[in-house]
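Trainee: First the structure, then my questions, so here it is.
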Amino acid sequence: MTTKPRRRPALERVIATADRLFYEGGLHATGVDLIAAEANVSKATLYTYFHTKDDLVAEYLRGRSGAWRAHVVHELEGRGGDPRARILTVFDLLGEWFTTDGFRGCPFINSEAESTPEAPGHRVNLEHRAWVRTLFAGLLAEAGLPSPDRVAPQLTLLYDGAMSSAQVESDIDWIDAAKRTADAVIDAELARSRRTRRRPPAAGG
């Protein structure tokens, strides 16, 4: 018989409130006093769960990362398609997020602008970015590209650029631009691979 984990409503309120306020207002502008007040807990209670504000920021980022990963994996499985189509689906998922109420850009990029390499949140950001590159590399390998680890950072650059651009200029279809560029990058890599395979061996030996 398994025992269900005990719910901690105060902790859940703190995390949910921090998630909303950090994303809406930024890290520096959102103090622990405001989070505690809106979560209806005392500061002492908040600090029993998170010893510092930086720890709470890291938990906020972990929650955002986990939720996005689960969403992407679920949608990729549900929507199907060949590996190349699934690469473009990743960009479609970004575009759908851009149109939601309250979109304010990438929480990980935003937090880096307000943080330091020593902060625990920075490590969470690095782990999330590594996941994005690994996701693209896996799909690229399934699509038959011979050097997926070389191309994955290029797609990640498009992924990041679309988010940053949509935050500033929401009236432009950045996802369409990112998808067309991703297609061109993949085509160029496949063409390069074909040329390499056709190249005759060097004479001599």
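The values are calculated or read from the model by the stated rules, or taken from the named source; none is laboratory data. Predicted model only: the values in this text are computed from it and were never measured. Heads up, the Cβs are rebuilt from the backbone with ideal geometry, glycines too, and the neighbour counts pull from every protein chain shown. The accessibility values were calculated without ligands, DNA or RNA, using every heavy atom of the protein model including side chains. Shrake-Rupley method; radii C 1.70, N 1.55, O 1.52, S 1.80 Å.
Trainee: Relative to the first principal axis of the alpha-carbon coordinates of the chain, what is the inclination of helix 83-98, with its axis defined by its Cα atoms, in degrees from 0 to 90 and to the nearest 10?
Mentor: 40 degrees
Trainee: Nearest 20 debye, what's the magnitude of the dipole of segment 36-80 about its Cα centre given +1 on Lys and Arg Cβ and -1 on Asp and Glu Cβ?
Mentor: Details: 6 positive and 6 negative charges, 7 e Å.
Dipole of segment 36-80, to the nearest 20 debye: 40 debye.
Trainee: Could you work out the helix-only [θ] at 222 nm for the chain, with each DSSP H run of four or more residues adding -39,500 (n - 2.57) and the total divided by the number of residues, to the nearest 500 deg cm²/dmol?
Mentor: Numbers: 9 runs with 150 residues, N = 205.
After summing the helix terms and dividing by residue count, I get -24500 deg cm²/dmol.
Trainee: Additional query: Could you give the angle, 0 to 90 degrees to the nearest 10, between helix 53-79's Cα long axis and the longest principal axis of the Cα atoms of the chain?
Mentor: It works out to around 50 degrees.
Trainee: Report the extension gain between Ser193 and Ala141 in nm, rounded to one decimal, defined as 0.36 nm multiplied by the number of residues separating them, less their alpha carbon distance. Don't jump to the answer; show the numbers that get you there.
Mentor: On the way: separation 52, 0.36 × 52 = 18.72 nm, distance 1.30 nm.
Length gained, Ser193 through Ala141: 17.4 nm.
Trainee: Where Lys and Arg each count +1 and Asp and Glu each count -1, what net charge lies around Ile109 among other residues with Cβ under 10 Å from its Cβ?
Mentor: On the way: positive: Arg129; negative: Glu112, Asp160.
Summing Lys/Arg as +1 and Asp/Glu as -1 gives -1.
Trainee: What label, among (1) -0.48, -0.80, -1.28; (2) -0.59, -0.85, -1.24; (3) -0.54, -0.82, -1.24, belongs to log10 I(q)/I(0) by the Debye sum over Cα atoms at q = 0.10, 0.13, 0.18 Å⁻¹ computed from the structure on display?
Mentor: Matching entry in (1) -0.48, -0.80, -1.28; (2) -0.59, -0.85, -1.24; (3) -0.54, -0.82, -1.24: (3).
Trainee: Within segment 20-40, name every residue whose backbone N is under 17 Å away from a label modeled 7 Å from Cα of His71 along the Cβ vector.
Mentor: 20-25
Trainee: Hey, another quick one. Assuming 0.36 nm per residue, please report the length gained on full extension of the stretch Arg180 to Ala10 beyond their Cα-Cα distance. It would help to have the intermediate numbers written out before the result.
Mentor: On the way: separation 170, 0.36 × 170 = 61.20 nm, distance 4.61 nm.
Separation in residues times 0.36 nm, less the Cα-Cα distance, equals 56.6 nm.
Trainee: Another one. In debye to the nearest 20, how big a dipole does segment 95-152 give about its Cα centre with +1 on each Lys and Arg Cβ and -1 on each Asp and Glu Cβ?
Mentor: On the way: 5 positive and 8 negative charges, 31 e Å.
Dipole size: approximately 160 debye.
Trainee: Something else: Tally up the carbon and sulfur contribution to the accessible surface of segment 56-127 as a whole percent, 1.4 Å probe, everything protein left in place. Walk me through the numbers before you get to the answer.
Mentor: Details: 1870 of 3480 Å².
Summing carbon and sulfur atoms, their accessible area is 54 percent of the total for segment 56-127.
Trainee: Given points 7 Å out from each Cα along the Cα-Cβ axis, report the Ala29 to Leu157 separation in nanometres with one decimal.
Mentor: The answer from the label model is 3.1 nm.
Trainee: Could you tell me how many degrees, from 0 to 90 and to the nearest 10, lie between the Cα long axis of helix 174-198 and the main elongation axis, the longest principal axis, of the Cα atoms of the chain?
Mentor: Between helix and principal axis, roughly 40 degrees.
Trainee: For segment 124-163, with every protein chain kept in place, what is the accessible area per residue (1.4 Å probe, Å²)?
Mentor: Numbers: 1700 Å² over 40 residues.
It amounts to 42 Å² per residue over segment 124-163.
Trainee: Work out how much length Val168 to Thr100 would gain on full extension: take 0.36 nm times their residue separation and subtract the Cα-Cα distance, in nm to one decimal. Walk me through the intermediate numbers first.
Mentor: Numbers: separation 68, 0.36 × 68 = 24.48 nm, distance 1.49 nm.
Working it through step by step, the gained length comes to 23.0 nm.
Trainee: Additional query: Give, rounded to the nearest 20 debye, the magnitude of the charge dipole that segment 1-139 has about its Cα centre when Lys and Arg contribute +1 at Cβ and Asp and Glu contribute -1 at Cβ.
Mentor: Working: 18 positive and 18 negative charges, 98 e Å.
Computed charge dipole of segment 1-139: roughly 480 debye.
Trainee: Among Gly81, Ile172, Phe103, whose Cα projects farthest towards the positive end of the dipole of the chain, with charges put on the beta-carbon of Lys, Arg (+1) and Asp, Glu (-1)?
Mentor: Farthest along the dipole direction, towards plus: Gly81.
Trainee: So, counting K/R as plus one and D/E as minus one, what does the shell of residues with Cβ under 10 Å around Tyr159 add up to?
Mentor: Values: positive: Arg129, Arg133; negative: Asp160.
Neighbourhood net charge equals +1.
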